[in-house]
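Asks: My questions will all concern the structure given below.
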Amino acid sequence: MKNSKTDLSQTVVSQSAIDVLLQENRKFPPPADFQKNAWIKDEAIYEKAAKDPEAYWAAWASELQWMKPWKKILDWKPPHAEWFVGGKINASVNCVDRHVFSQTGHHDKRNKAAVIWEGEPGDTRTLTYWDLYREVNQCANVLKKLGIQKGDCVGLYLPLIPELLIACLACARLGAVHSVVFGGFSAESLRDRMNDAQAKLVITADFGWRRGNQIHLKKVTDEALQGVNSVKNVIVVQRSANSGFQCAFQEGRDYWWHQLMKEADSYCEPAETDAEDMLFILYTSGTTGKPKGIVHTTGGYLTGVYATTKWIFDLKDEDVYWCTADIGWITGHSYVIYGPLSNGATVLMYEGAPDWPEKNRFWKLIEKYGVTIFYTAPTAIRAFMKWGNDFPAGCDLSSLRLLGSVGEPINPEAWMWYQEHIGRKKCPVVDTWWQTETGSILISPLPGMTVTKPGSATKPFPGISAEILNEAGERIETGGGYVALTKPWPSMLRTIFNDDERYVKQYWSKWPSKKDVYFAGDGANRDQEGYFWFMGRVDDVMNVAGHRIGTMEVESALVDHPAVAEAAVVGKAHDIKGQAVAAFVTLKSGHKPSEELAKALKEHVAKKIGSIARPEAVLFSADLPKTRSGKIMRRLLRDIAEGKALGDTTTLADPAVVENLKKQYESLES
């Protein structure tokens with residue numbers, strides 16, 4: 001870009017316009033009724049936690065049940081941390097046993113519902129804490145009988161059924177390591193992960209349900225294991241005994257879950273695991289390269305998820321809590337299993353899609369089970385918006401008292417729709433920021449205290465030190481930059497499995513003079529009140545005529561238009577500007593694609609942000625390419641916009657979406 005006055009003034013003007021977009025004026029204090037009974041109402045907790053973070057986290061850890069006390073709270077040798085050094089603990093004991101057998105300060109919850117589960121076809125199961133205790137013990141004995149020992153890795157490739165949760169806790173009981181692979185991933189993805197983790201056993205199912213279709217998981221597992229030498233046994237959960245479905249069995253390797261469980265003893269002595277013993281490996285993809293096996297250990301991770309679940313969701317004994325995430329993702333690990341169950345909560349699990357058999361399935365489930373806390377993704381919220389207001393309006397959602405958002409920045413208009421049509425204007429909305437690597441939520445409102453702003457995750461959780469730094473590593477008080485974590489926290493990743501060099505390079509090398517500062521890979525703005533406004537991944541930032549524009553900024557402007565349900569924006573190569581903006585848009589019901597509408601959307605963005613952010617191309621699509629966890633795959637959209645060969649689409653919910661978009665885009669360009 002030329003270093004001219006004209007170019008500079010254009011940059012300054014557009015930056016000002018972008019800042020205006022993110023200065024959301026709407027504010028929502030906690031509802032008085034909610035605040036009255038909330039766990040946290042006083043801002044003094046932030047100061048207390050900042051004054052002595054180690055003592056603060058130790059107080060949280062002491063609420064858990066330990067087998068042996070720790071000798072030192074934190075041993076920090078950047079970039080490696082050990083928390084609660086020398087302490088001995090078992091995660092399954094903390095999630096199950098301590099609620100079954102009375103402990104000081106804990107109620108005996110053996111007959112309380114721990115898990116309420118509904119399958120997509122409508123089959124149901126409820127497990128009390130006593131049921132869960134027995135099944136976790138039996139499963140641990142099954143694994144032990146098949147040779148699984150402390151430190152061994154068990155691969156889990158299952159639908160969202162209770163057996164997945166049980167198997168995770170059974171591994172934890174033995175001190176074995178679980179590695180859950182989302183049940184929508186391909187055989188190749190499963191093979192890569194099992195080989196990297198050197199799994200000794202895999203638990204899968206004959207099939208699972210998704211939008212009325214059977215997903216044949218055992219078949220995929222068999223294909224994957226053709227290239228995995230470390231796996232000696234496979235346990236298969238029979239999804240439905242009445243389905244008539246048959247799957248292939250390999251003699252001497254494969255066993256039915258129900259047959260093994262029937263023969264297993266109902267008590268297994270829990271292993272005495274060190275606070276720093278590995279609890280699980282969870283693989284997360286970068287934009288390129290092999291998946292990274294994120295390592296989480298036991299004591300610190302459990303402390304982080306226990307604390308954040310209790311305060312951020314204001315979790316009470318009588319709540320029915322529903323996090324819609326699959327356990328195949330970190331959200332499911334932390335906020336379906338370990339966080340809620342360590343708090344003794346009642347957790348709802350639902351196997352299927354939100355639009356099967358009708359687009360009101362989620363709302364019917366809330367009505368049916370009296371859900372009080374609902375935690376879902378902005379992608380889902382935008383889909384609900386697109387389907388219209390009639391579906392939630394036709395259901396009784398009066399039981400809800402708190403809403404949560406997770407997975408990506410939420411557009412202000414989606415936040416408002418969620419608060420109005422699902423929360424009925426009476427529920428606080430907690431927009432949460434965190435990552436697979438962070439283990440637990442790091443930035444979020446505290447619902448009984450924080451004044452929320454649509455689109456902002458607000459402030460760091462007490463005890464978390466988060467800053468915004470510039471390229472030179474200097475602190476930015478207000479304005480945009482890189483999200484950095486400047487002090488260790490208990491639930492932080494410990495390394496990348498078998499690749500510590502990559503761990504150091506990827507997360508701790510952004511600023512050479514600050515080897516103790518974690519680079520989150522996300523961009524954010526901080527406003528005058530210290531609130532964080534996340535802009536998405538740094539690699540989702542476009543550089544248009546020398547100006548950095550976050551994809552979230554343009555997407556928010558597009559979704560602000562009354563015709564738009566969802567939008568994804570990418571930067572495409574441009575001879576003059578470096579990058580130009582390409583927008584992929586899904587319309588709400590009742591609106592049709594047209595050249596006039598495309599032009600109107602371009603002008604709308606220019607008006608909201610500035611002419612520099614005006615999309616060069618607008619492409620309408622019935623759907624956007626998403627992973628099976630619901631994240632928009634902007635990498636593929638960039639490939640489409642730049643006419644490149646398409647990369648790996650195996651993790652997509654519907655690969656046909658990409659091919660259709662590619663054809664449309666090519667016709668647009670011709």
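Asks: Can you tell me how many residues within the range 56-88 are in contact (Cβ under 8 Å) with a residue 12 or more places away in the chain and of a type in the set (Ser, Thr, Tyr)?
Replies: Narrowing the range 56-88 to residues in contact (Cβ under 8 Å) with a residue 12 or more places away in the chain: 56-58, 60-61, 63-74, 76, 78-88.
Imposing the further condition that a residue be of a type in the set (Ser, Thr, Tyr) reduces the set to 56.
Adding up the residues that qualify gives 1.
Asks: Filter the range 432-452 for residues that are closer than 14 Å to ARG26 by Cβ and either among the small types (Gly, Ala, Ser) or not in a loop (DSSP other than H, G, I, E, B) (or both) and give the result.
Replies: If the condition is that a residue be closer than 14 Å to ARG26 by Cβ and either among the small types (Gly, Ala, Ser) or not in a loop (DSSP other than H, G, I, E, B) (or both), then THR452 is the only one that fits.
Asks: Only residues that are of a type in the set (Phe, Trp, Tyr) and modelled with pLDDT under 95: list them for the range 496-514, please.
Replies: First, pick out the residues of the range 496-514 that are of a type in the set (Phe, Trp, Tyr): 497, 503, 507-508, 511.
Matches in the range 496-514: none.
Asks: Also, quick follow-up: Restricting the search to the range 569-590, which residues are in a strand (DSSP E or B) and not small (Gly, Ala, Ser)?
Replies: Of all residues in the range 569-590, those in a strand (DSSP E or B) come to 569-574, 578-587.
Answer for the range 569-590, where residues must be in a strand (DSSP E or B) and not small (Gly, Ala, Ser): VAL569, VAL570, LYS572, HIS574, GLN579, VAL581, PHE584, VAL585, THR586, LEU587.
Asks: Select, from ASN411, ASN389, the only residue that is surrounded by 24 or more Cβ atoms within 10 Å (Cβ to Cβ), more than 27 Å from GLY304 (Cβ to Cβ) and in contact (Cβ under 8 Å) with a residue 12 or more places away in the chain.
Replies: Details: ASN389 fails: surrounded by 24 or more Cβ atoms within 10 Å (Cβ to Cβ).
Unique residue meeting the criteria: ASN411.
Asks: Being within 25 Å of VAL406 (Cβ to Cβ), modelled with pLDDT under 75 and surrounded by 17 or more Cβ atoms within 10 Å (Cβ to Cβ) narrows it down to one residue among THR650, THR627; which is it?
Replies: Numbers: THR650 fails: surrounded by 17 or more Cβ atoms within 10 Å (Cβ to Cβ).
So the residue among THR650, THR627 that is within 25 Å of VAL406 (Cβ to Cβ), modelled with pLDDT under 75 and surrounded by 17 or more Cβ atoms within 10 Å (Cβ to Cβ) is THR627.
Asks: Still on this model: Return the residues of the range 467-510 that are among the hydroxyl-bearing types (Ser, Thr, Tyr) and without any contact (Cβ under 8 Å) to a residue 12 or more places away in the chain; say none if nothing qualifies. Lay out the reasoning, then the answer.
Replies: Keep residues of the range 467-510 that are among the hydroxyl-bearing types (Ser, Thr, Tyr), which gives 478, 482, 486, 491, 495, 503, 507, 509.
Residue satisfying the conditions is SER509 alone.
Asks: Residue by residue through the range 32-66, note down the ones that are loosely packed, with under 14 Cβ neighbours inside 10 Å, hydrophobic (A, V, I, L, M, F, W, C) and closer than 26 Å to ARG494 by Cα.
Replies: ALA55
Asks: Got a sec? Which of GLY571, GLY530 is under 14 Å from VAL618 (Cα atoms) and over 20 Å from the mean Cα position of the chain (by Cα)?
Replies: GLY571
Asks: If you take the residues of the range 229-253 that are surrounded by fewer than 19 Cβ atoms within 10 Å (Cβ to Cβ) and of a type in the set (A, V, I, L, M), which of them is farthest from ALA187 (Cα to Cα)?
Replies: Looking at the filtered set, the residue picked out is ALA241.
Asks: In addition: Pick out the one residue from VAL585, VAL581, VAL618 that is in contact with a Gly (Cβ under 9 Å, 6 or more places away or on another chain) and β-branched (Val, Ile, Thr). Give the derivation first.
Replies: Numbers: VAL585 fails: in contact with a Gly (Cβ under 9 Å, 6 or more places away or on another chain); VAL618 fails: in contact with a Gly (Cβ under 9 Å, 6 or more places away or on another chain).
None of the other options fit; the residue is VAL581.
Asks: Using the structure shown, decide if THR273 is under 24 Å from the mean Cα position of the chain (by Cα) and either of a type in the set (S, T, N, Q) or over 23 Å from THR495 (Cβ atoms) (or both). So that I can check it myself, show each step before the final result.
Replies: Numbers: under 24 Å from the mean Cα position of the chain (by Cα): no; either of a type in the set (S, T, N, Q) or over 23 Å from THR495 (Cβ atoms) (or both): yes.
No; evaluated as a whole, the condition is false for this residue.
Asks: Turning to a different aspect of this structure: Going through the range 134-164 one residue at a time, which ones are charged (D, E, K, R) and in a loop (DSSP other than H, G, I, E, B)?
Replies: Narrowing the range 134-164 to residues charged (D, E, K, R): 134-135, 144-145, 150, 152, 163.
The answer is LYS150, ASP152.
Asks: So which of GLU501, GLU471 is in contact with a strand residue (DSSP E or B) (Cβ under 9 Å, 6 or more places away or on another chain) and either among the acidic types (Asp, Glu) or assigned by TED's automatic domain parsing to the domain that holds VAL305 (or both)? Let's see the steps before the verdict.
Replies: Numbers: GLU501 fails: in contact with a strand residue (DSSP E or B) (Cβ under 9 Å, 6 or more places away or on another chain).
After applying the criteria, what remains is GLU471.
Asks: Evaluate the range 262-282: report whether one residue or more is among the hydroxyl-bearing types (Ser, Thr, Tyr), in a loop (DSSP other than H, G, I, E, B) and within 25 Å of ALA91 (Cα to Cα).
Replies: Of all residues in the range 262-282, those among the hydroxyl-bearing types (Ser, Thr, Tyr) come to 266-267, 273.
Retained after the next criterion (residues that are in a loop (DSSP other than H, G, I, E, B)): 266-267.
From what's left, within 25 Å of ALA91 (Cα to Cα): 266-267.
Within the range 262-282, one or more residues are among the hydroxyl-bearing types (Ser, Thr, Tyr), in a loop (DSSP other than H, G, I, E, B) and within 25 Å of ALA91 (Cα to Cα).
Asks: Still on this model: So which residues in the range 32-58 are under 21 Å from ASP317 (Cα atoms) and either within 25 Å of the chain's Cα centre (by Cα) or among the aliphatic types (A, V, I, L, M) (or both)?
Replies: To start, the set of residues in the range 32-58 that are under 21 Å from ASP317 (Cα atoms) comprises 32-41.
Selection gives ALA32, ALA38, TRP39, ILE40.
Asks: For GLU420, state whether it is without any contact (Cβ under 8 Å) to a residue 40 or more places away in the chain and not in a loop (DSSP other than H, G, I, E, B).
Replies: Details: without any contact (Cβ under 8 Å) to a residue 40 or more places away in the chain: yes; not in a loop (DSSP other than H, G, I, E, B): yes.
So GLU420 fits the description; yes.
Asks: Go through the range 1-111 and tell me which helices (runs of 4 or more DSSP H), entirely inside it, have 3 or more residues that are modelled with pLDDT of 95 or more.
Replies: Working: elements: 5-22, 32-36, 44-51, 53-61.
Helices (runs of 4 or more DSSP H) meeting the threshold: 32-36, 44-51, 53-61.
Asks: Just to check your reading of the model, which residue among LEU174, LEU190, LEU143, LEU160 is in contact with an Asp or Glu (Cβ under 9 Å, 6 or more places away or on another chain), buried (at least 24 other Cβ atoms within 10 Å of the Cβ) and closer than 15 Å to GLU351 by Cβ?
Replies: Values: LEU174 fails: closer than 15 Å to GLU351 by Cβ; LEU190 fails: closer than 15 Å to GLU351 by Cβ; LEU143 fails: closer than 15 Å to GLU351 by Cβ.
After applying the criteria, what remains is LEU160.
The values are calculated or read from the model by the stated rules, or taken from the named source; none is laboratory data. Source: prediction; values computed, not measured. Cβ: placed from backbone, ideal geometry, glycine included. Neighbour counts: every protein chain shown.
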